[in-house]
Amino acid sequence: MTKKNSLNPIKLLKYYNLINHNLIYNNSAINRYKRDKFEISVDKVESLERLKKKIFDIKDCDLKNNATNMVFSDGNPKSKIMLIGEAPGSNEDQEGLPFVGRAGALLDKMLSAINLDRKKVYISNIINYRPPGNRRPTDEEIKRYLPFITKHIEIINPKILVLLGSTAMSALIGNEVVISKMRGKWIEKKFGSCKTSVIITFHPAFLMRQPAQKKMAWIDLKMIRDKKI
Ligand code: URA
């Protein structure tokens with residue numbers, strides 16, 4: 001029988017950090033302990049688990065009531081690059097992971113064009129439950145989920161924040177602007193204690209409908225690739 005809590009991620013992480021100490025055997029009085037580059041702080045894991053639980057426990061929400069799964073995130077919580085889309089579609093709702101459908105396949109190609117992949121970035125959405133019929137989330141729904149994604153950004157604390165599409169842009173930057181004017185620019189922005197460089201680009205689902213815009217998205221991707229962080 002498995003022990004109670006044996007898969008608790010926080011306990012596993014503490015254990016991992018404990019055994020993976022990488023002692024450096026030399027005579028130097030300092031720097032005997034080298035942090036493992038894959039080590040993620042217990043604080044961050046705890047904060048993410050707490051946030052996940054809050055979203056999971058949300059009450060009286062039609063989105064949640066109609067969804068199969070909550071979609072929280074994918075990728076590396078230690079990454080300096082965080083991407084935010086709109087909301088899960090039906091594939092994401094089935095799998096409980098963001099960007100796993102056709103738009104996700106294009107997103108993977110866009111990332112790979114600048115030598116990135118899902119293990120090197122962190123991905124989430126403005127809304128964590130699928131809007132029925134893949135409709136756009138309403139202003140009220142965005143308002144309700146905004147504190148969660150803002151907290152999510154603060155916990156991940158990325159150096160670069162990539163907003164995919166106009167829903168993510170209007171939720172986090174403002175809706176008095178249009179994406180065609182706002183994309184391809186660095187915007188310095190604070191989310192709680194997180195200071196980050198934001199770039200807006202087109203959503204992969206939009207690029208599938210308007211392939212002529214891919215050349216603009218490529219400009220944005222190269223800006224991300226070339227940004228010194
Ligand atoms: N579109 C989004 O904005 N997010 C997903 O996770 C999938 C499709």
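The values are calculated or read from the model by the stated rules, or taken from the named source; none is laboratory data. Computed from a predicted model, the values in this text were never measured in an experiment. Every residue, glycine among them, receives a Cβ derived from its backbone with ideal geometry; neighbour counts consider all protein chains shown.
Taking the range 137-159, which residues are over 15 Å from residue 192 (Cα atoms), touching a residue at least 60 places away in the same chain (Cβ under 8 Å) and away from the ligand (no atom under 13 Å from the Cβ)? Answer for the range 137-159, where residues must be over 15 Å from residue 192 (Cα atoms), touching a residue at least 60 places away in the same chain (Cβ under 8 Å) and away from the ligand (no atom under 13 Å from the Cβ): 141, 144.
Selection of first residues in the range 94-111 that are farther than 14 Å from residue 164 by Cβ and of second residues that are of a type in the set (Asp, Glu), restricted to Cβ pairs under 6 Å at least 6 apart or on distinct chains, gives the following pairs, ordered by first then second residue: 97/74; 100/92.
Residues of the range 210-229 that are within 16 Å of the ligand (Cβ to nearest atom) and touching a residue at least 60 places away in the same chain (Cβ under 8 Å): 217 alone.
So which of 108, 93 is out of contact with any helix residue (DSSP H, G or I) (no Cβ under 7 Å at 6 or more places or on another chain), within 14 Å of the ligand (Cβ to nearest atom), of a type in the set (Asp, Glu) and within 23 Å of residue 211 (Cβ to Cβ)? Sole residue among the options that is out of contact with any helix residue (DSSP H, G or I) (no Cβ under 7 Å at 6 or more places or on another chain), within 14 Å of the ligand (Cβ to nearest atom), of a type in the set (Asp, Glu) and within 23 Å of residue 211 (Cβ to Cβ): 108. When residues in the range 217-229 are screened for being surrounded by fewer than 16 Cβ atoms within 10 Å (Cβ to Cβ) and in a helix (DSSP H, G or I), 5 of them pass.
Among residues of the range 172-193 that are in contact (Cβ under 8 Å) with a residue 12 or more places away in the chain, those with a Cβ under 7 angstrom from a residue that is among the hydroxyl-bearing types (Ser, Thr, Tyr), sequence gap 6+ or separate chain, pair up as 179/166; 183/201; 186/197; 189/196; 191/150; 192/150.
Across the range 53-68, the number of residues qualifying as surrounded by 15 or more Cβ atoms within 10 Å (Cβ to Cβ) and not β-branched (Val, Ile, Thr) comes to 4. Would it be correct to say that residue 207 is outside any helix (DSSP H, G or I), among the hydrophobic types (A, V, I, L, M, F, W, C), under 22 Å from residue 134 (Cα atoms) and within 16 Å of the ligand (Cβ to nearest atom)? Judged against the criteria, residue 207 is not a match. Is it the case that some residue within the range 112-129 is within 12 Å of the ligand (Cβ to nearest atom) and either surrounded by fewer than 16 Cβ atoms within 10 Å (Cβ to Cβ) or over 28 Å from residue 219 (Cα atoms) (or both)? Within the range 112-129 (the criterion being within 12 Å of the ligand (Cβ to nearest atom) and either surrounded by fewer than 16 Cβ atoms within 10 Å (Cβ to Cβ) or over 28 Å from residue 219 (Cα atoms) (or both)), the answer is yes, since at least one residue qualifies.
Residues are listed down the side, and each one gets a yes or a no for (1) closer than 27 Å to residue 52 by Cβ; (2) surrounded by 21 or more Cβ atoms within 10 Å (Cβ to Cβ); (3) under 14 Å from the mean Cα position of the chain (by Cα):
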position: 154; (1), (2), (3): yes, no, yes
position: 163; (1), (2), (3): yes, yes, yes
position: 171; (1), (2), (3): yes, yes, no
position: 185; (1), (2), (3): no, no, no
position: 190; (1), (2), (3): yes, no, no
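Selection of the range 69-80 for residues being more than 10 Å from the ligand (Cβ to nearest atom) and surrounded by 23 or more Cβ atoms within 10 Å (Cβ to Cβ) yields only 75.
Residue 43 fails exactly one of the following numbered conditions: (1) assigned to a helix (DSSP H, G or I); (2) at pLDDT 95 or above. What is the number of that condition? Evaluating residue 43 over (1) assigned to a helix (DSSP H, G or I); (2) at pLDDT 95 or above leaves (2) as the failure.
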